[in-house]
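S.K.: Before we start, here is the structure in question, set down as structure tokens.
Bear in mind that the values in this text are calculations on the coordinates, not laboratory data. If you're wondering where the values come from, they're calculated on a predicted model, not measured in any experiment. Here Cβ is always computed from backbone atoms with ideal geometry, including for glycine, and neighbour counts include all displayed protein chains.
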């Protein structure tokens with residue numbers, strides 16, 4: 001098992017290298033660079049500009065610049081953000097916990113809704129409960145998060161004034177009051193992301209359950225007199241969760257992508273809004289680092305999916 | 001008193017095209033300790049009849065619309081699924097057709113046998129495991145103590161069917177329903193499984209309802225035989241009587257369609273098949289359901305449905321032909 005994980009991590013290295021190369025080349029080809037605004041600043045003489053560019057190696061050929069970046073990265077030097085005037089790794093570490101907090105809570109909310117609703121709907125297909133669940137699921141994944149986000153802000157912040165609509169990282173409170181405020185301001189973004197995720201997950205859980213529920217071994221389990229609840233949980237769910245786990249893990253990149261939009265709407269100072277602002281500011285080292293972190297997360301979740309898959313399904317062995 | 005007495009059972013399915021009368025007035029009784037074979041071609045309602053006994057058919061679309069299923073003096077039809085749970089596996093065990101798909105792939109076979117014991121008997125986890133290993137030994141699985149922790153995919157088809165038998169017999173039921181237990185297996189394994197079933201039956205003294213479409217299996221194992229056609233019983237007789245003196249044209253056809261390796265070489269006869277195919281059981285025409293395929297069909301056959309009646313002790317047929325004779 002640990003050998004399998006180790007080998008998978010080794011395999012991840014070339015793919016991450018490939019991803020970083022593509023990212024680097026695309027960013028290098030894109031117009032603008034960290035010193036782009038220096039050119040428009042009349043206070044900086046052209047000689048100084050040229051000297052700075054030469055110092056940071058910006059006029060070197062792409063492959064040299066990539067190798068420089070790679071060498072620095074390998075030594076733990078993520079670069080320097082000229083816009084924020086701080087190291088990129090500090091910047092990312094500042095932002096990442098907020099994103100993980102919001103996305104993690106949203107995923108937990110989605111699972112907490114999707115699994116019971118999907119399972120119950122599958123045990124009574126075409127019942128009233130199933131119809132209602134289906135309707136809500138369709139509405140849920142038809143509405144984009146930028147729409148529901150603004151709708152939530154209009155209802156819960158503007159009209160009812162229950163929840164804050166700007167996410168703040170420096171809450172002036174301590175202890176329980178701080179924790180409560182953290183929860184309160186996360187409610188809307190978590191709901192928006194979580195419900196959107198829950199909608200498609202519910203559909204998937206339901207159909208995975210329906211696929212399993214009519215299989216022969218479920219009839220075998222019923223013939224043992226185990227009772228509906230035990231048959232559903234032990235025999236049907238245990239098998240239906242295998243594809244669901246894969247789907248959830250493989251959906252994680254899309255979840256991070258969706259979070260970028262949500263972070264913009266609610267002004268959450270997470271890694272997604274960092275990406276947007278650094279793209280707008282031509283802050284290339286940050287853009288490179290954030291996209292690379294996303295790539296690492298995607299590779300990581302794929303690995304988690306594979307490990308969970310093998311753990312859930314004894315027919316798959318780690319070799 | 002019979003152990004199980006099915007009277008006038010009708011199980012219908014709601015489909016998009018109308019009501020499918022899969023089982024339409026079936027009478028079958030099984031005595032304690034006997035082997036009863038139910039034969040008939042695919043789609044004649046054998047499996048639905050068997051599944052109806054423990055309400056294992058999907059409901060909806062299936063529904064038992066009429067009839068009684070008396071097991072040890074108690075009618076099972078009005079019972080709810082949770083009431084039936086006390087009878088399932090404990091009183092009536094079930095062996096399914098497809099050993100490859102009838103075992104849960106993510107649970108060990110030991111767990112799947114033991115869960116039935118733990119549901120119906122007051123045993124500890126350890127006792128259940130010991131009983132499970134004992135059952136695996138009885139069904140002749142080599143290295144039972146080690147194999148008990150293996151998953152279904154680590155077993156061959158024949159071995160899986162042995163596991164299914166161990167599972168069905170774990171709680172010592174009084175009746176075992178085996179739904180084509182050998183159909184999915186190759187011929188050499190088929191004989192082994194039938195022998196094992198016979199052996200278990202003698203050891204535990206249970207009754208066996210063996211559903212099959214192989215006449216050879218019937219001749220080898222049954223004491224009594226029920227022949228079904230299109231959702232109805234057409235003939236019922238002790239096994240020797242049925243093979244020696246089949247009275248219903250359908251039964252005669254079934255027996256003639258058994259390949260005989262000893263005769264073919266000398267006589268070069270063609271293997272006889274019953275022409276036509278099983279009728280679709282949505283809005284069936286009145287009269288005898290076999291009439292369109294019957295060589296002896298008379299005008300009355302299309303008009304009136306023949307009733308099952310006794311023509312000799314223990315020998316019953318549903319055919320107008322007997323009336324004329």
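S.K.: So, in nm, how far is label residue A:135 from label residue A:166 when the simple model puts each one 7 Å beyond its Cα toward the Cβ?
M.R.: Result for the modelled spin labels: 4.0 nm.
S.K.: Then there's this: Whole number please: convex hull volume per residue, Cα atoms of the stretch A:96-312, in Å³.
M.R.: Normalising the Cα hull of the stretch A:96-312 by residue number yields 152 Å³.
S.K.: With 10 angstrom as the radius, rank A:77, A:170 by how many other C-beta atoms surround their C-beta, starting from the fewest.
M.R.: In order of increasing Cβ crowding within 10 Å: A:170, A:77.
S.K.: Given all pairs of different Cα atoms, what value in angstroms does the Kirkwood hydrodynamic radius of the stretch A:211-265 take?
M.R.: This gives a value of 13.4 Å.
S.K.: If you don't mind, another one. Reported to two decimal places, what Rg/Rh ratio describes the stretch B:30-118 when computed on Cα atoms with Rh from the Kirkwood expression?
M.R.: 0.97
S.K.: Mind pulling the per residue volume of the convex hull built on the Cα atoms of the protein assembly as shown? Å³ is fine.
M.R.: Numbers: hull volume 158.0 nm³, N = 644.
Hull volume over Cα atoms, normalised by residue count, gives 245 Å³.
S.K.: Angle between the Cα long axis of helix A:46-55 and the longest principal axis of chain A, 0 to 90 degrees, nearest 10?
M.R.: For A:46-55 against chain A, the angle is about 50 degrees.
S.K.: Against the empirical 2.2 N^0.38 Å scaling, what ratio does the C-alpha Rg of the stretch B:198-242 come to? Display every interim value, and only then the final one.
M.R.: Details: Rg = 11.6 Å, N = 45, 2.2 N^0.38 = 9.3 Å.
Against the empirical 2.2 N^0.38 Å value, I get 1.24 for the stretch B:198-242.
S.K.: How far is the Cα center of the stretch A:5-20 from the Cα center of the stretch B:278-293, in Å?
M.R.: 66
S.K.: How many angstrom lie between the Cα centre of the stretch B:63-86 and the Cα centre of the stretch B:181-228?
M.R.: 26
S.K.: Here is a follow-up. Evaluate peptide B:104-111: per residue, the Cβ atoms of other protein chains within 10 Å of its Cβ; return the mean as an integer. Write down the numbers at each step before the final one.
M.R.: Numbers: counts 12, 8, 11, 7, 1, 0, 0, 1.
Per-residue shielding by partner chains comes out at 5.
S.K.: Among DSSP beta bridges lying fully in the protein assembly as shown, give the percent that are antiparallel, nearest 5. Please list the in-between numbers first.
M.R.: Working: 33 of 52 bridges.
For the protein assembly as shown, the DSSP antiparallel bridge percentage is about 65.
S.K.: So what does log10 I(q)/I(0) come out to for the stretch B:175-325 at q = 0.11, 0.18 Å⁻¹, using the Debye formula with one equal point on every Cα and no solvent?
M.R.: Debye intensities relative to I(0), on a log10 scale: -0.51, -1.19.
S.K.: Here is a follow-up. In degrees between 0 and 90, to the nearest 10, how far off the longest principal axis of chain A does helix A:175-213 point, with axes built from Cα atoms?
M.R.: Tilt of helix A:175-213: around 50 degrees.
S.K.: Specify the angular offset, from 0 to 90 degrees and rounded to the nearest 10, of the alpha carbon long axis of helix B:109-120 from the longest principal axis of the alpha carbons in chain B.
M.R.: Approximately 80 degrees, to the nearest ten.
S.K.: So for A:214, A:65, A:184, A:206, fewest C-beta neighbours within 10 Å to most, what's the order?
M.R.: Ascending number of Cβ neighbours within 10 Å: A:214, A:184, A:65, A:206.
S.K.: Now, a different point. Under a no-solvent Debye model with one identical scatterer per Cα of the stretch A:149-210, what's log10 I(q)/I(0) at q = 0.21, 0.23, 0.27 Å⁻¹?
M.R.: These q points yield log10 I(q)/I(0) values of -0.84, -0.92, -1.07.
S.K.: Taking the Cα centre of each part, how many Å lie between the stretch A:154-170 and the stretch A:248-312?
M.R.: 25
S.K.: What translational diffusion coefficient, in µm²/s and rounded to a whole number, does the Stokes-Einstein relation yield for the stretch A:2-88 at 20 °C and a viscosity of 1.002 mPa s, taking the hydrodynamic radius as the Kirkwood radius over Cα pairs?
M.R.: Roughly 140 µm²/s, to the nearest whole number.
S.K.: If we count other beta carbons within 10 Å of each Cβ, what is the order of A:81, A:142, fewest first?
M.R.: Going from sparsest to densest Cβ surroundings: A:142, A:81.
S.K.: Still on this structure, please answer the following. Can you report the principal axis dimensions of chain B using only the alpha carbons, biggest first, rounded to whole angstrom?
M.R.: For chain B, the Cα spread along each principal axis is 67, 53, 40 Å.
S.K.: Here's another thing I want to ask about it. Percent antiparallel among DSSP beta bridges with both residues in chain B, to the nearest 5?
M.R.: 60
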